[in-house]
């Protein structure tokens, strides 16, 4: 009886330890993102089923935008992103839209309607967790040529803000650390924040 109790307590201790270690690792990961660490790499399918890997864009400035077709603030931002991609493509900007839609069908229709001229991949909750937890849309991360996150924007953001930050990163040498940039989160007003439809569908506020 005593042996069984000891084994049970040992098993419980091991499970508890694994749980807290896992939580600790997740907290460290989010803290590293907040400190401007290297953007978590991923490989996801685009709308043509091609595999897109973030790290393959090293040497270029990447604007990583989490969005969805059902999110009104996201829809408002996309024409501005189309303009930014046209303006800075030849200088080294790559915009990657990470759609959080449930399937690619509405995304394809949306892409054609809005003449989206940049890469779109189909995201998932796991990728959102890698980026600190995407609880609201849109959410954008500006990644420098060295693969580090230099700014984070939560909610709809004025195009002039992106324009200024992109210009600054493009002027830096490829692979260099841009000391003038600090990772910062800009919290939007409730009127422009769109809650992600990961746990509850059709919820956008």
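The values are calculated or read from the model by the stated rules, or taken from the named source; none is laboratory data. Predicted model, so just to flag it, every value in this text is computed and none were measured. Glycine gets a Cβ as well: all are built from the backbone with ideal geometry, and neighbour counts include every protein chain shown.
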What's the total number of residues in region 68-86 that are over 17 Å from the mean Cα position of the chain (by Cα) and free of Cβ contacts under 8 Å to residues at least 40 places away in the same chain?
4
Qualifying positions in region 148-169 - closer than 20 Å to residue 81 by Cα and within 16 Å of the chain's Cα centre (by Cα)
149, 150, 151, 152, 153, 154, 155, 156, 157, 162
Among the residues that make up region 16-32, is at least one of them modelled with pLDDT of 65 or more and in a helix (DSSP H, G or I)?
no
Among the residues of region 172-192, is there at least one that is under 16 Å from residue 67 (Cβ atoms) and modelled with pLDDT of 50 or more?
no
Among the residues in region 124-141, are any closer than 20 Å to residue 46 by Cβ, part of a loop (DSSP other than H, G, I, E, B) and more than 10 Å from the chain's Cα centre (by Cα)?
yes
Count - residues of region 142-161 that are surrounded by 23 or more Cβ atoms within 10 Å (Cβ to Cβ) and either under 26 Å from residue 50 (Cβ atoms) or not assigned by TED's automatic domain parsing to the domain that holds residue 76 (or both)
4
Hey, does region 66-81 have a residue that's touching a helix residue (DSSP H, G or I) at 6+ places or on another chain (Cβ under 7 Å), under 22 Å from residue 172 (Cβ atoms) and surrounded by 13 or more Cβ atoms within 10 Å (Cβ to Cβ)?
no
